[in-house]
Amino acid sequence: MLDVHRLRLLRELAARGTIAATARACALTPSAVSQQLTLLRREVGAPLFTRDGRALVLTEAARVLVEHTERILAELEAARAGVARIAGGIGGVLRLGAFPTAASSIVPGAIAACRAAHPDLDVRLEEWETADGLPALRSGRLDMLLVYEFDLLARIADPGVTLTRLVTESLLVAAPEALELPRGPLSLATLRDQPWIVPRSDGALRATVERAFGMSGFAPRLDYVSDDYTVILALVRAGLGVSLVPRLATEGLTTGVRMHRLDEPRLTRIVSVAARAGTEQAPNVATLTAALQEAVARLNH
């Protein structure tokens, strides 16, 4: 009998490439991961990986196991969801991960609505960026995760995760009110001479912004970097530069900054709810997903 926990570790190894990275993703020590994979190799009766420098390369037997593991885990999650639907209760702890702009704009109203309608459901929020949150979701440390993708970059393709789209939002130009710009949607090229404020560690947004600059035919003057939209918008308000920001980051913005739509190139960010495959119809997950959809609808009106 193959151990499901060990199969899950093998799946993470396939995604992460090293024992150390797998251990971090699963909140285990490297020695514990190595021990469990050794036991799995004995259960299977065939080698599972070979070494290529620091990375581990899965054998054909291991790749077959991983392929079946995705289906096994999804079926197990679906079975749990089915039992929960029959039981009919909505309650217990649900761990939600969300990136900061969603955590501040979408999530509070959704959690409040769930608490009012289902007082036995305890939604616990943690801030997670998409790249780090997906391994936490797959490993079971999170039950749901709000993720974002940009239209200029490769999309999330993970057979162990299902996505439910919440909103497709535009990236907007944030400019000081005193800066004279043409009326209506802007071309990015019209801002080539402006100082720019760009993200530091949000790799996906940084790559999108840099690709957009390349499409517009110029290299920007990068005077400031920050990952905090409060800081970015404060710098814009002070007249120190312009920036590209997702619309959700402008919720609650008052004065000093004018937001402009882009028509060349048009840039969008897709915000979705991610859940482990098979759990999307579980009562707790479905309830919070519906509340998040309603919270987005309220923001859009």
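FYI, it's all coordinate maths here, none of it is from the lab. Computed from a prediction, not measured in an experiment: that's the story for all the values here. Here Cβ is always computed from backbone atoms with ideal geometry, including for glycine, and neighbour counts include all displayed protein chains.
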key: Rounded, prolate or oblate (a/c below 1.5 giving rounded, otherwise prolate when a/b exceeds b/c) for the stretch 168-269 by Cα gyration tensor   = rounded
remark   = Using alpha-carbon positions, the gyration tensor of the chain gives root eigenvalues a ≥ b ≥ c; with a/c under 1.5 called rounded, otherwise prolate if a/b exceeds b/c, else oblate, the class is oblate
query = If the chain between Ala87 and Arg63 were fully stretched, how many nm would it gain, using 0.36 nm times the residue separation less the Cα-Cα distance?
reply = 5.0 nm
Simple label model, 7 Å out from Cα along Cβ direction - Val225 to Ala117, nm = 4.3 nm
message = Between Arg141 and Ala178, how high is the FRET efficiency from 1/(1 + (r/R0)^6) when r is the Cβ-Cβ distance and R₀ = 35 Å? Nearest 0.05.
response = 0.15
request  = Round to a whole angstrom and tell me the spacing of the C-alpha centers of the stretch 71-136 and the stretch 230-301.
outcome  = 19 Å
note = Note: probe point = Cα of Thr190 + 7 Å toward Cβ; backbone nitrogen < 16 Å; residues of the stretch 225-256 passing the test are 242-244
query = Sorted from fewest to most neighbouring beta carbons within 10 Å, what does the list Met1, Met259, Met144 look like?
reply = Met1, Met259, Met144
request  = Using a Förster distance of 35 angstrom, determine the FRET efficiency expected from the C-beta separation of Asp3 and Arg200, and round it to 0.05.
outcome  = 0.25
message = At 0.36 nm per residue, and after removing the present C-alpha to C-alpha distance, how many nm does the segment from Glu251 to Arg80 gain when stretched out fully?
response = 57.8 nm
task = Could you please rank Ile72, Ile90, placing first whichever residue has the fewest other Cβ atoms within 10 Å of its Cβ?
result = Ile72, Ile90
task = When a/c is below 1.5 the answer is rounded, else prolate if a/b is larger than b/c, else oblate, so apply that to the stretch 87-175 with a ≥ b ≥ c taken from the square roots of the Cα gyration tensor eigenvalues.
result = oblate
Residue order, fewest to most surrounding Cβ atoms within 10 angstrom, among Thr69, Thr168 = Thr168, Thr69
ask   = Given the rule -39500 (n - 2.57) for each run of at least 4 DSSP H residues, summed and divided by the residues of the chain, what is its mean residue ellipticity at 222 nm, to the nearest 500 deg cm²/dmol?
value = -14000 deg cm²/dmol
query = Quick one: if you stick a label point 7 Å off each Cα along the C-beta vector at Ala15 and Arg42, how many nm between them?
reply = 2.8 nm
query = Expressed as an acute angle from 0 to 90° and rounded to the nearest 10, what is the orientation of the C-alpha long axis of helix 30-44 relative to the principal long axis of the chain?
reply = 50 degrees
FRET E, pair Arg266, Ile156, Förster distance 22 Å, beta-carbon r, rounded to 0.05 = 0.60
query = Points 7 angstrom from Cα along the Cβ direction at Glu294 and Asp52: gap in nanometres?
reply = 5.0 nm
key: Degrees separating the helix 107-117 axis from the principal Cα axis of the chain, which is the longest one   = 60 degrees
